[in-house]
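Below is one structure, written out as structure tokens; the observations come after it.
The values are calculated or read from the model by the stated rules, or taken from the named source; none is laboratory data. Please read these numbers as outputs of a predicted model, since none were measured by experiment. Cβ coordinates were reconstructed from backbone atoms using ideal geometry, including for glycine residues, and neighbour counts include every protein chain displayed.
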Amino acid sequence: MDEKKQHIMTAAAEVFTRYGFKKASMQDIADAAMMSRAALYLHFRNKDDLFRSLMTWHQGEALKAAEVAFLSSRPFILRMENALTDFTVTIMAPVKASTHGLELFEANMMLAGDINAATSLRLRALIENAVKTAISQGEISLSAIGLSAEALADLLYVCLDGIKKAPNGLEKLDQRLAALMRLLDTSTRPS
């Protein structure tokens, strides 16, 4: 993404967080980006288009955070915990920080369902790749739990989704993920 679009995305995120999706206007976003509304319309057809672009950018940033954590040299359990935490915090923090969080969540579901689905598939693939890498490097074994790498990745993804949606999801994220990782560590240690 070029520097100008990144600047607009940052401004749009601030405006949507402050005013919510419904009350935010293209003029508000143009003002926050220090540009004219006409110049903003050269980049985006309308507010829905801008919001979808923002979701693509934001979710891409969350996936990058997870990828960086998965590539670290730390032990598998810590890589997994850090990747899932970094992804979730990046995804949820702006919504949690806004008094319009529910409205932003609903706008995301209505306007960016396809983007959300693609992000989910990519995160699940990253988890699966991390599990397969850990198996091939002898860090974990799935024989005691009788799951394939694909099944374990799916289970971890579904658990993360449940943790995100649970009451106080972000506030209790560290605690809940740490518990999940203790279960994962105990059940997948090579014998």
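Numbers for the structure displayed
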read-out	value
Any helices (runs of 4 or more DSSP H) falling wholly within the range 83-191 and containing at least 2 residues that are among the charged types (D, E, K, R), under 14 Å from the mean Cα position of the chain (by Cα) and under 27 Å from Trp57 (Cα atoms)	113-136, 149-165
The range 167-182, residues that are in contact with a helix residue (DSSP H, G or I) (Cβ under 9 Å, 6 or more places away or on another chain) and exposed (fewer than 12 other Cβ atoms within 10 Å of the Cβ)	Glu171
Considering residues of the range 1-30 that are touching a Ser or Thr at 6+ places or on another chain (Cβ under 9 Å) and of a type in the set (D, E, K, R) only, the residue farthest from Met110 (Cα to Cα)	Lys5
Matching entry among Ala112, Ala33, Ala130, Ala62 (being among the small types (Gly, Ala, Ser) and more than 21 Å from Thr17 (Cα to Cα))	Ala130
Output for the range 151-166, where each listed residue is modelled with pLDDT of 95 or more and either more than 18 Å from Ala125 (Cα to Cα) or loosely packed, with under 13 Cβ neighbours inside 10 Å (or both)	Val158
Count of residues meeting criterion [in contact (Cβ under 8 Å) with a residue 60 or more places away in the chain and within 21 Å of Leu156 (Cα to Cα)] in the range 99-123	4
